[in-house]
Amino acid sequence: MSLLDIDTLSLAIFGKPILKRLSLTVEEGEIAALTGESGSGKSLTAFATMGLAPTGSRMQGRIAFGGTDLLRLPERAMCDLRGRQIGMVFQEPMTALNPVQTIGAQVMETILVHKAMPREAAKARAREVLARVGLPPARFPLSRYPHQLSGGQRQRVVIAMAIALRPRLLIADEPTTALDVTTQAQILDLLKTLVREDGMALMMITHDLAVVSDMADTLHVMRHGEIVEAGRTAEVLRDMRHPYTRQLFDASRHRADLGAKDIGAPLLSVRNVSRDYPAARKSLFGKPEPFRAVDTVSFDIRHGERVGLVGESGCGKSTLTRAILGLEPVQEGQITLGGEPVWTDRANLAIRRRMQVVFQDPYGSFNPRHKVGRLIAEPFHLLPDPPRGGARERAIGAALASVGLAPKDADRYIHAFSGGQRQRIAIARALIIKPDLIVFDEAVSALDVRVRAQILDLMADLSRDHGLTYLFISHDLGVVRSITDRVLVMKAGRIVEDRPTKALFDAPKHPYTRSLLAAAPTLPPPPETRDAAQASL
Amino acid sequence: MLRFVVKRLLSLALSLIVASGVIFLVVEVAPGDPASFMLGINAQPETVAALRAELGLDQSRLARYLQWTGGMLTGDFGTSYTYRTPVAQMIADRLWVSLPLALYALALSTLIAFPAGILAAARRGRPADIGVMGATQLGVAIPNFWFAMMLVLIFAIQLRWFSAGGFPGWDAGFFAALKALTLPAIALALPQAAILARIMRSSLLDILGEDFIRTARAKGLTARQALWRHGVRNALIPVLTIIGLQFAFLLAGAIIIEQVFFLPGLGRLIFQSITQRDLIVVESVVMLLVFAVIMVNFLVDLAYAAVDPRLRLRA
């Protein structure tokens, strides 16, 4: 008998079918991965198993856990099961913890709510389990609050809460999506260790094939609420019987065709730039110690070049970007675009209109009350003499056409578009005043792999056809590798490596770059090359 | 935490200084000379001048401001122009009515609002929620003096459980005095409770949608346990803000209710003082109210920090 046996589970929310006759099993001590694009029903499968499906859900079928059908279990019995037999880890560690309670109280709560042991013993167990997830009590006492911890540390606390009572099944819903590559590697290692040492089963939900390819025993590929392909991970990735699996796999390792380009004269020049922030005061009237977020950074970006900037969160990427865009002054050094400073005593508007940004969130970065035409024409405000009337309409139409949308889309509202289309609109908005430099700030991080591949192709086409210069900021090394000519690696405010993309990925020089590359999960090579390799033997 | 308190105290002192200056200037520029008002329109100019000298009104503004603020620091609020009695004594007498009334009303309002708001949030969209939302809609819409009159009609005139008005004083015994304040306190509390219950409900609903509530449920807490252990405390921040504002209103804004129930409170004192150009009383009462509001805000700030550990550091 399998530990978890989901049999022809269907789920509808307010009558809308979401999961369709889904079946899967998870064995004791096994890592089962559930993968697919957003909206495929991965997370809902997890919540249905936890008995925490959203209001309005109706379910049919069977979710058997250790032989008991969870769908027939009364709420009271489900509460006993949750936390004790089935633990769960969530995607967003920054919000998964109660901000007004200490981490000790929150880990102990799992134990106390199940009356598993007396208070003192629960405290000892909380210390033990926090140490187990890599938060030794000497450095992380139980009295810490969540806001005193980093994202990775908070995720460890969430894991500690989930495993405090040694559940038989741990469900992890995108547990590392919000984390840096190095932190991601640590958390994945931790999860693997817990499974191997405790004999716990792990149901791992992720959109990232690379993450599961080297850790999951079984792989279930989901699409539109159905499992389209399932089996041992190695076999699924080798055979790829379903075309959708193939598409996901190809999109995950997609490389945009950058083409050969003429690299021109330096466009953006960053010279010995440092940026300080006032840190907390040590005493009430003491002088605040400055915190150096960007530390004597220098580099150039030439006309037509596509440059990547990578580093972990907190390394100074965002600060440097704001300084380049002329949104904030710097304490030392100078940033110039085409020889003109981006910041004199205030922001240099003549320079700012030559740069545009595309942000990460395709949902939050548009005013929902404006039509697309007005949204993408916004940068015209930067021009001294913006086009009007017919010229304006033509510019909007051309910008939409260049990103693969129709000119008539200008009359629609933003909610009518999908995430990928919105990101195309964001690019159209950046293109419309024909800037010299476009900054992509994690611009494809929120997109599904297949959409991401399309957007990367679009970016590559645009840069080839229009000779655009890109600064591409991302924590995703795979993406940076596919769209840039040169990469800057940033650590603790400094640029530690600055080399052509291919050279950097093939033979990283700086130890930090090496550790980043080692931490990044990788997909196995596609079956054809493996076959070819075998044939040649 | 200590730094947080010291910082708040400094800003509190600064607010008081600024407020006293503004109050003094505003009352000064208001038309009407207390001396001529007291003596009537037929008074001789010499008599008016003599009275002005006696009241100290002939001194420079700065001198009078310093005298006034300096006096307040030592508990001397000056002498009423109209009644020739110490202002401090007049205020103290009224405060013994207004302060207990405000606290009583605030306690009632909180006692009604918290359970109602929490119940409505926990039963969102169900009959209990609809009932609470309907009742609070009425509570917000109906003015408190109408409640006051209804309470008098029912509980004083029909049932004769309470007297229709007046205040026997605390000398008459704690419970007798409290009883006299009960109907006014209820009338004051109902609209405040309606507002507070709505804030509590919406604040709690926001919190119940947070990820950490889901985490708590995944640990095995029941919906009710998650609400009480993780929801309520997080929902308190906006509620505390409103409670602070309501206290300030209840202290000085009870004038209509004081009128309905014939209570000798601060609201009536300030109203009378304004009509009689008893400027020194007006200034002092207003200053006292400002002090009360600033103190309450200080306490609310401390309460924030007690509720939310993140604020202790940020200050």
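By per-residue mean of other Cβ atoms within 10 Å, what is the highest-first order of A:383-396, B:274-287?
Listed from highest to lowest mean packing, they are B:274-287, A:383-396.
How far, in nm, would the chain grow between A:K434 and A:D189 when pulled straight, counting 0.36 nm per residue and subtracting the alpha carbon separation?
83.6 nm
In the calculated pair distance distribution of chain B, what percentage of Cα-Cα distances lie above 31 Å?
Details: 22811 of 49455 pairs.
Within chain B, distances greater than 31 Å cover 46 percent of Cα pairs.
Between beta-carbons, use under 14 Å as the cut-off and find the net charge around B:A120, counting Lys and Arg +1, Asp and Glu -1. List each step's numbers first, then the result.
Numbers: positive: B:R123, B:R124, B:R126, B:R198, B:R201; negative: B:D129, B:D206.
Local net charge: +3.
If I take R0 = 45 Å and measure r between the Cβ atoms of B:Q59 and B:I256 in this structure, what FRET efficiency does the formula 1/(1 + (r/R0)^6) give, to the nearest 0.05?
Efficiency, from the Cβ-Cβ distance: 0.75.
Calculate how steeply helix B:266-275 sits against the longest principal axis of the alpha-carbon atoms of chain B, using the helix alpha-carbon long axis, and give the answer as 0 to 90 degrees to the nearest 10.
40 degrees
Please list, ordered by chain and number, the residues whose modelled amide H lies under 5 Å from the amide H of A:F440; skip anything fewer than 5 residues away on the same chain.
A:V358, A:L471, A:F472, A:I473
Rg/Rh for the range A:77-164 to two decimals, with Rh computed the Kirkwood way over all alpha-carbon pairs.
Taking Rg over the Kirkwood Rh, I get 0.94.
Counting only other chains, what is the mean number of Cβ atoms within 10 angstrom of the Cβ of each residue in peptide B:207-215?
Taking the mean over all residues of the peptide, I get 5.
Through the Karplus equation 6.51 cos²θ - 1.76 cosθ + 1.60, θ set to phi - 60°, convert the phi angles of the range A:504-517 into ³J(HN,Hα) values in whole Hz; use x for Gly and Pro.
5, 6, 6, 9, x, 9, 6, x, 5, 4, 4, 5, 4, 5
Give the shape of the range A:450-495 as rounded, prolate or oblate, defined through the alpha-carbon gyration tensor: a ≥ b ≥ c are the square roots of its eigenvalues, a/c under 1.5 means rounded, and otherwise the shape is prolate if a/b is larger than b/c and oblate if not. Please report the intermediate quantities before stating the final value.
Values: a/c = 3.15, a/b = 1.58, b/c = 1.99.
It comes out oblate by the Cα gyration axes.
Considering only C-alpha atoms, what is the centroid distance from the range A:399-443 to the range B:191-251, in Å?
If we compute the Cα centre of each part, the gap is 41 Å.
Please name which of B:A164, B:I270, B:I195 has its Cα lying farthest along the dipole of chain B towards the positive end, using unit charges on Cβ (Lys, Arg +1; Asp, Glu -1) and the Cα centre as origin.
Of the options given, the answer is B:I195.
All other residues with a Cβ under 12 Å from the Cβ of B:Y81 taken together, and with Lys, Arg as +1 and Asp, Glu as -1, what is their net charge?
Overall, the nearby charge balance is -1.
How high is the FRET efficiency between B:I41 and B:A164 when r is their beta carbon distance and R₀ equals 22 Å, given to the nearest 0.05? If you can, show how the numbers build up before the last one.
On the way: r = 39 Å, r/R0 = 1.77.
The formula returns an efficiency of 0.05 here.
For the protein assembly as shown, with the dipole built from +1 on Lys and Arg beta-carbon atoms and -1 on Asp and Glu ones, taken about the Cα centre, which of B:A135, A:T336, B:A176 lies farthest toward the positive end?
Sorting the options by dipole projection puts first B:A176.
Skipping prolines and chain starts, which residues have an amide H placed within reach, meaning under 5 Å, of the one on A:V294, given they are 5 or more residues away or on another chain?
Long-range HN contacts for A:V294: A:R275.
Read phi for every residue in the range B:79-92 and hand back ³J(HN,Hα) as whole Hz from Karplus 6.51 cos²θ - 1.76 cosθ + 1.60, θ = phi - 60°, with x for Gly and Pro.
Here the 3J(HN,Hα) series is 10, 4, 5, 7, 9, 6, 10, x, 4, 4, 5, 4, 5, 4 Hz.
Can you tell me the alpha carbon radius of gyration of the protein assembly as shown divided by the globular rule-of-thumb value 2.2 N^0.38 Å?
Working it through for the protein assembly as shown, the quotient is 1.21.
Could you please state how large a percent of the accessible area of the protein assembly as shown is carbon and sulfur, counting protein chains only and using a 1.4 Å probe?
Carbon plus sulfur share of accessible area: 58 percent.
Spin-label point model (7 Å from Cα, Cβ direction): what's the A:D506 to B:R126 distance in nm?
Placing both labels 7 Å beyond Cα along the Cβ direction yields 6.7 nm.
Please report the buried accessible area for the interface of B with A, total over both chains, probe 1.4 Å, in Å² to the nearest 100.
For B against A, buried area totals roughly 2500 Å².
For the protein assembly as shown, what does the accessible surface come to per residue with a 1.4 Å probe? Please give it in Å². Please list the in-between numbers first.
On the way: 38860 Å² over 852 residues.
Accessible surface, normalised per residue, equals 46 Å².
Using the alpha-carbon atoms, what tilt in degrees (0 to 90, nearest 10) does helix A:119-132 show relative to the longest principal axis of chain A?
50 degrees
At A:S2 and A:E340, where each label point lies 7 Å from the Cα along Cα→Cβ, what is the point-to-point distance in nanometres?
6.4 nm
Counting only other chains, what is the mean number of Cβ atoms within 10 angstrom of the Cβ of each residue in peptide B:50-59?
For this peptide, the per-residue mean of nearby foreign Cβ atoms is 0.
Looking at the range B:1-31, which residues lose a minimum of 30 Å² of accessible area between their chain alone and all protein chains in place, measuring with a 1.4 Å probe and not counting ligands or nucleic acids?
Listed in order, they are B:R3.
Taking all pairs of distinct Cα atoms, average 1/r, flip it, and tell me the Kirkwood hydrodynamic radius of the range B:1-155 in Å to one decimal place.
21.0 Å
Which value in nm describes the separation of the simple spin-label points at B:A107 and A:Q247, placed 7 Å from the Cα toward the beta carbon?
Result: 6.8 nm between the two label points.
Of all alpha-carbon pairs in the range A:147-276, indicate the percentage at a distance above 20 angstrom.
Within the range A:147-276, distances greater than 20 Å cover 60 percent of Cα pairs.
Taking the alpha-carbon centroid of each part, what is the distance from the range A:212-252 to the range B:111-134 in angstrom?
Here the answer is 48 Å between Cα centres.
Roughly what % of Cα-Cα distances in the range B:195-297 sit above 23 Å, to the whole percent?
On the way: 2622 of 5253 pairs.
That fraction is 50 percent.
Charges only on Cβ, +1 for Lys and Arg, -1 for Asp and Glu: so what's the dipole of the range B:91-314 about the Cα centre, in debye to the nearest 20? Before the final figure, lay out each step's value.
Working: 19 positive and 11 negative charges, 206 e Å.
I would put it at about 1000 debye.
Accessible area drop of at least 40 Å² (1.4 Å probe, protein heavy atoms): which residues of the range A:147-165 qualify, relative to the chain alone?
A:H147
Taking the dipole about the Cα centre of the protein assembly as shown, with the C-beta of Lys and Arg at +1 and of Asp and Glu at -1, give me whichever of A:H510, B:V48, A:H303 is farthest to the positive side.
The Cα lying farthest towards the positive end belongs to A:H510.
Tell me the mean residue ellipticity at 222 nm calculated for the protein assembly as shown from its helices only (DSSP H runs of n ≥ 4, each -39500 (n - 2.57), averaged over every residue, nearest 500).
Rounded to the nearest 500, it is -15500 deg cm²/dmol.
Roughly how big is chain A's charge dipole about its Cα centre, with Cβ charges of +1 (Lys, Arg) and -1 (Asp, Glu), in debye to the nearest 20?
I would put it at about 1140 debye.
Using only the heavy atoms of the protein chains and a 1.4 Å probe, how would A:Y512, A:Y363, A:Y277, A:Y413 rank by accessible area, largest first?
Heavy-atom accessible area, descending, gives A:Y363, A:Y413, A:Y277, A:Y512.
With axes computed from alpha carbons, what is the tilt in degrees of helix B:61-73 against the longest principal axis of chain B, rounded to the nearest 10 within 0 to 90?
In chain B, helix B:61-73 runs at an angle near 50 degrees to the longest axis.
How many Cβ atoms of partner chains, on average, are near each residue of A:106-114 if near means within 10 Å of its Cβ?
For this peptide, the per-residue mean of nearby foreign Cβ atoms is 4.
Using a 1.4 Å probe on the protein heavy atoms only, what accessible surface does A:S23 show? Give it in Å² to the nearest 10.
The accessible area comes out at roughly 50 Å².
Taking H as built 1.01 Å from N, whose amide H comes closer than 5 Å to the amide H of A:E226, not counting residues under 5 places away?
Here the answer is A:K20, since their amide H atoms fall under 5 Å of that of A:E226.
Once you order the gyration tensor axes a ≥ b ≥ c over the Cα atoms, which shape class does the range B:2-73 get: rounded for a/c under 1.5, otherwise prolate or oblate by comparing a/b with b/c?
Verdict is prolate for the range B:2-73.
When the expected Rg is taken as 2.2 N^0.38 Å, what fraction or multiple of it is the alpha-carbon Rg of the range A:1-92?
1.04
The values are calculated or read from the model by the stated rules, or taken from the named source; none is laboratory data. Computed from a prediction, not measured in an experiment: that's the story for all the values here. Glycine also receives a Cβ, built like all others from the backbone with ideal geometry; neighbour counts cover every protein chain displayed. Quick note on the areas: whole protein, heavy atoms, side chains included, nothing else; ligands and nucleic acids left out. Shrake-Rupley method; radii C 1.70, N 1.55, O 1.52, S 1.80 Å.
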